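Peer 1: Structure below; questions to follow.
The values are calculated or read from the model by the stated rules, or taken from the named source; none is laboratory data. Computed from a predicted model, the values in this text were never measured in an experiment. As a convention, Cβ positions derive from the backbone with ideal geometry for all residues, glycine included, and neighbour counts pool all protein chains shown.
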């Protein structure tokens, strides 16, 4: 056997052994899907009160880092020609202490079908206590693609009433520099986990008069029903 052939065999053997000895990277995949009677976001309808089909995928790695992609149909003013929304998210989530957890992420909202530039990006942080209560803070220098800043705050809680039934409630405030104004909204949801991984959700949404002034016909009081699944 020649020296060059022996050297090639040793290199090949080393290459084959490296994957076996290298630490494996652990990734987990998940997703969600929903059919809802109305896509309501921060108290306002994104579909003019019409139904929406929604789905998302999530890839999580070691150390709490994750990336996700979520999509839904939308219906804005006719001149925007917007019919779809895709949210791309990169972030980190993990435990801070025995009772506290934190999720921080960057969310990019994209509307590929529109003829206008409606895309924008937002930084989010959500602090959760015992999986029961949460505080969310979000900030963007281009809120709603307006070119001006916006800050969103939400305080929420969930109450398990039975093994398959729970209530959820949240109150939010959205301060929008583009309008020199802000608005408040609230929601109350009843969730029935009737058969894993499926759930039925019935939500009542309400906004203040400022929201009705800023977003006529999209804000106010409305009921949303949805069937959703997380896997």
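Peer 1: Name the one entry in 179, 174 that is surrounded by 18 or more Cβ atoms within 10 Å (Cβ to Cβ), more than 20 Å from the chain's Cα centre (by Cα) and modelled with pLDDT of 95 or more.
Peer 2: Going through 179, 174 in turn, just one is surrounded by 18 or more Cβ atoms within 10 Å (Cβ to Cβ), more than 20 Å from the chain's Cα centre (by Cα) and modelled with pLDDT of 95 or more: 179.
Peer 1: Could you check, for region 211-227, whether at least one of its residues is within 18 Å of the chain's Cα centre (by Cα) and surrounded by fewer than 17 Cβ atoms within 10 Å (Cβ to Cβ)?
Peer 2: Checking region 211-227: at least one residue is within 18 Å of the chain's Cα centre (by Cα) and surrounded by fewer than 17 Cβ atoms within 10 Å (Cβ to Cβ).
Peer 1: Turning to a different aspect of this structure: Within the bounds of region 172-191, is there any residue that is touching a strand residue (DSSP E or B) at 6+ places or on another chain (Cβ under 9 Å) and either at positive phi or in a loop (DSSP other than H, G, I, E, B) (or both)?
Peer 2: No, region 172-191 has no match at all.
Peer 1: Which is within 27 Å of residue 28 (Cα to Cα), touching a helix residue (DSSP H, G or I) at 6+ places or on another chain (Cβ under 8 Å) and in a strand (DSSP E or B), of 134, 92?
Peer 2: Just a single option satisfies the conditions, and that option is 92.
Peer 1: Additional query: Inside region 82-103, can you point out the residues that are surrounded by fewer than 17 Cβ atoms within 10 Å (Cβ to Cβ), more than 17 Å from residue 59 (Cβ to Cβ) and touching a strand residue (DSSP E or B) at 6+ places or on another chain (Cβ under 8 Å)?
Peer 2: Within region 82-103, 83, 84, 95, 96, 99, 100, 102 qualify.
Peer 1: Evaluate region 10-27: report whether one residue or more is closer than 22 Å to residue 229 by Cα, at pLDDT 95 or above, in contact with a strand residue (DSSP E or B) (Cβ under 8 Å, 6 or more places away or on another chain) and assigned to a strand (DSSP E or B).
Peer 2: No, the conditions are met nowhere in region 10-27.
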